[in-house]
Amino acid sequence: MPVLAGLLDSLWMRTGPLIARAYGNFNERMAIDHHWEVLDALKRRDGAAARAAICRDILDGNEKMLEYIEMAQAD
């Protein structure tokens, strides 16, 4: 587990500044809604619904990040 923690720390250190700059491009409500969906699914013990909500959260965030990168490269 220490190897995984180190890898995640390293990844965060490299992506954190980009995420901070791109933050304005994200819809905060969208992210919060996904998190509520995950919590609701977990309360219902519905693993498939929790997994789907986490996937939507990641994919929507990825889409917004790619939009930001494209805009930043165009400037």
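Worth a mention:
- Cα-centred dipole magnitude for the chain, charges only on beta-carbon of K, R (+1) and D, E (-1), debye, nearest 20: 320
- Signed unit charges on C-beta, dipole axis of the chain, positive-most listed residue Ala53, Tyr68, Met30: Ala53
- For the listed peptides 58-65, 9-16, a ranking on the average number of other beta carbons within 10 Å per residue, highest first, reads 58-65, 9-16.
- The dipole here belongs to segment 1-40: it is taken about the Cα centre, uses +1 on the Cβ of Lys and Arg and -1 on the Cβ of Asp and Glu, and is about 280 debye.
- 222 nm mean residue ellipticity, helices alone, for the chain (DSSP H n ≥ 4; -39,500 (n - 2.57); rounded to 500): -30000 deg cm²/dmol
- Tensor-based shape of segment 3-75 (alpha-carbon gyration tensor, a/c under 1.5 rounded, otherwise prolate or oblate): oblate
- Centroid-to-centroid separation of segment 24-40 and segment 41-55 [C-alpha atoms, Å]: 14
- Helix 2-22 and the longest principal axis of the Cα set of the chain meet at an angle near 60°.
Throughout, read-outs are computed from the coordinates displayed, never taken from laboratory work. Only a predicted model underlies this, so the values are computations on that prediction, with no experimental measurement involved. Glycine also receives a Cβ, built like all others from the backbone with ideal geometry; neighbour counts cover every protein chain displayed.
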